[in-house]
Amino acid sequence: MKEIKLLQEQIDKMDVKDFDLNAWKQYTIILLARIFGEQTQKITQIENIEYDYSSWSLRDTSGRLSNLETCKKLGREILSASIDELKALGLPDKNQIPVKHIQVEVISTSLENELKGSQYKEIAKIVNSDINAQKKKKELQKVIKRYGSEIAESVLAEILASPELKNLL
């Protein structure tokens, strides 16, 4: 499987003499996004690998792993787990990748694009209120009706036409 080979090559790159952690991280993030999707937690884990440049860590001669070695070890573990996942489960189904964040962003952007500022604020105030879902729905219906059917149609059309939602319905 070519994905496993690419991830293994990333593990192997950590052994080169002039290893650059930041360049390695960027390349790895691109690979993981392509294989597992943009929303995979693996990307966050790689992004959180940080080399500590503080003078304390540079002076540590206790024999423990250096900070860079610790970063490499963490990177190896993340990629090894990714390889194990691919071997056991195969490639993820792209339609099964969580898209909640993308959907919320699409809805928010569509509302911002189609509503006046005051209308957007009014909708946001209701959505973010602590009232129960049934009452919230009634309040939103009343407000949207007041804006007119053209606005509701425009917002819905913009949401559905969004490229981020392609192949999700």
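Each reported figure results from applying straightforward, stated rules to the coordinates on display, with no laboratory input. Note that the coordinates shown come from a computational prediction; the quantities given were computed from them, not determined experimentally. Cβ atoms come from the backbone with ideal geometry, glycine included; neighbour counts cover every protein chain shown.
List of remarks:
- Given R0 = 41 Å, the distance between the Cβ atoms of residue 125 and residue 84 translates into a calculated FRET efficiency of 0.30.
- Listed pairs 2/42; 5/42; 42/137 exceeding 29 Å between Cα atoms: 42/137
- Residue list for region 1-21, given a label point 7 angstrom along the Cα-to-Cβ vector of residue 66 and an amide N cut-off under 20 Å: 11-21
- Of the peptides 104-116, 129-141, 23-35, the order by per-residue mean of other Cβ atoms within 10 Å, starting with the highest, comes out as 23-35, 104-116, 129-141.
- Between residue 134 and residue 166, residue separation times 0.36 nm minus the direct Cα-Cα distance comes to 8.6 nm.
- Per-residue extension of 0.36 nm, minus the Cα-Cα distance of residue 152 and residue 104, leaves a gain of 15.6 nm for this segment.
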